[in-house]
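All of the numbers you see were taken from the coordinates with simple rules; none came from a lab. Note that the structure is predicted; figures quoted are calculated from it, not measured. Note: ideal-geometry Cβ built from the backbone for every residue, glycine included; neighbour counts use all protein chains shown.
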């Protein structure tokens, strides 16, 4: 099969012929039909963690070719089933293959069933970013989720998350929720999930966010429904948010960029008992801040795969609770996608696997938002915002 293989010494990846994966008894073998890019893809190709030879890439959608002997019959998975999910790829020291290939294998319960009316291209960019948003809001910040999961197990793994012990969040009549990076793919799902939680709790939410002005009209419309937006380019955007939220500050914040000074600025708008979550870690050097009155909650999306992860000079321990949450989330997602939750806009890129590095990685830059500067005239190479880059395989 063809696969995009990491060349760590040259800090790139090239298309090669390799043997297809051999699934374990609990895995399914897939024919990959479409893949989606994430900023972490080019980041860990240009700054390799893994050795040469790893298949790169995370997000995929495709059809089941075969199921392992230990895959239960009640899974409903059989040859031809349409599914989507994500793999770790070359985004850690751990030796696990990625998804940018013609074939892939994955645990049967870590995929979600793609509705018949949804294209593989729309589906392939959902899994990693939607789970990231769900982990931040529901698993870590403790907002009400539309499905049952083991909150007690999460609290046992993270005793400091005392709010998970409450049956319902003790919050004011109107919750002030702020999302930094509102037009990112994670932010687009997070906004929808805020409204889902509000509907379940029967409470009121005022949703405020930071994004470039070009996306404000989209973000104010449904399904995102922002009440107020500020331009993250403005130096005084935290003061603007504090003015909107009043003296108390916002109750919840989710930093979907977590880069440079963003975390410190987001922390400055929190109320005295506010909580925030981030998508990148202080320990990994993605952002720097002095002493914060509330240390933001960080967790890697990879925890959902149920394995220990080594990257950015740190170890993210295996989390059975996070894996159980991911399983419950994907079971719900297969029913909710297209109705309760809408996929984010996509940009269909030409060329398949052979153009991922040349075009897609160039558009995403090397991991920082301010490095996405591309001077190419093709329509598909225009500046990227509020879209997922997808390739048909």
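Tabulated results
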read-out	value
Residue 317/residue 116 FRET efficiency (R0 25 Å; Cβ-Cβ; nearest 0.05)	0.05
Distance histogram in 10 Å bins (all Cα pairs of the stretch 115-165, percent per bin)	23, 40, 24, 13, 1
D_trans [Stokes-Einstein, Kirkwood Rh over alpha-carbon pairs] for the stretch 220-356, 25 °C, 0.890 mPa s, µm² s⁻¹	137 µm²/s
Alpha-carbon radius of gyration plus Dmax, which is the widest Cα pair, for the stretch 217-281 in Å	12.1, 32
The stretch 241-286: relative contact order in percent, alpha carbon pairs under 8 Å with at least 6 residues between	43 percent
Using a Förster distance of 22 Å, the FRET efficiency for residue 381-residue 15 (Cβ separation, nearest 0.05)	0.65
Choice from 375, 303, 217 with maximal GNM fluctuation in the chain (Cα, 10 Å cutoff)	375
Per-residue Cβ neighbour rank within 10 angstrom, fewest leading, 359, 122	359, 122
Distance (nanometres) between label positions extended 7 Å along Cα→Cβ at residue 26 and residue 268	4.7 nm
Radius of gyration, Dmax [the stretch 274-350; alpha carbons; angstrom]	16.1, 47
Rel. contact order, % - alpha carbon contacts under 8 angstrom, at least six apart, the chain	18 percent
D_trans [Stokes-Einstein, Kirkwood Rh over alpha-carbon pairs] for the chain, 20 °C, 1.002 mPa s, µm² s⁻¹	101 µm²/s
Rounded tilt (10° steps) of 320-336 against the dominant C-alpha axis of the chain	90 degrees
Residue 148 paired with residue 163, simple spin-label distance in nm, labels 7 Å along Cα-to-beta-carbon	2.4 nm
Chain lengthening between residue 66 and residue 239 when straightened (0.36 nm per residue, less Cα-Cα)	56.7 nm
Among 223, 159, 238: highest mean-square fluctuation, GNM of the chain, C-alpha pairs under 10 Å	159
Least to most buried among 319, 105 (fewest other Cβ within 10 Å first)	105, 319
Extent along principal axes [Cα atoms of the stretch 58-177; Å; largest to smallest]	49, 37, 28
Kirkwood hydrodynamic radius over Cα pairs of the stretch 1-111, then Stokes diffusion coefficient at 37 °C and 0.692 mPa s, in µm²/s	234 µm²/s
Folded to 0 to 90 degrees: helix 185-201 orientation relative to the chain principal axis, Cα	60 degrees
Residue 293-residue 310 pseudo-label distance in nm [points 7 Å out on the Cα-to-Cβ vector]	4.0 nm
For the stretch 257-334 and the stretch 158-219, distance of Cα centres in Å	16 Å
Per-pair calculated FRET efficiency, R0 = 45 Å: residue 220 and residue 75 via Cβ, rounded to 0.05	0.65
GNM result for the chain, Cα springs below 10 Å: residue of 34, 211, 185 fluctuating most strongly	211
Neighbour-count order for 261, 127, fewest beta carbons within 10 angstrom listed first	261, 127
Projected area, mean over directions - the stretch 135-305, Cα convex hull, nm²	9.7 nm²
Helix-only mean residue ellipticity at 222 nm for the chain, each DSSP H run of n ≥ 4 adding -39500 (n - 2.57), per residue, nearest 500	-6000 deg cm²/dmol
